[in-house]
1. For the chain, what does -39500 (n - 2.57) per DSSP helix run (n ≥ 4), summed and divided by total residues, give at 222 nm, in deg cm²/dmol to the nearest 500?
2. Here are several values of mean projected area of the Cα convex hull in nm²: [x] 5.2; [y] 3.8; [z] 4.6. Which one was derived from the coordinates shown?
3. Tally the DSSP beta bridges in the stretch 6-66 and give the antiparallel ones as a percent, rounded to 5.
4. Based on the mean of other Cβ atoms within 10 Å per residue, sort peptides 19-30, 47-58 so the most packed one is first.
């Protein structure tokens, strides 16, 4: 069961951030330019991941991090 507002998945050369709650969707709409979105998610360069997670958590969101098997 997924409970995080934002779900992060490592795909090697990029991370995919997907909003899973209304709070997560609202945060993405407010902080991520529409042109930077990829489908329902946002592709994030691994070098920027820490900053995105810190910003989201600073705004009170719960972030989940699952790595592919």
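A short reminder: the numbers here are calculations on the coordinates, not readings from a lab. As the structure is a computational prediction, the values presented were derived from the model and not from experiment. A quick note on method: Cβ atoms are made from the backbone with ideal geometry, for glycine too, and the neighbour counts reach across all protein chains shown.
1. Computed ellipticity for the chain at 222 nm equals -10000 deg cm²/dmol.
2. Computing mean projected area of the Cα convex hull in nm² and matching it to [x] 5.2; [y] 3.8; [z] 4.6 gives [z].
3. Among the beta bridges of the stretch 6-66, antiparallel pairing accounts for roughly 70 percent.
4. Top to bottom by mean Cβ count within 10 Å: 19-30, 47-58.
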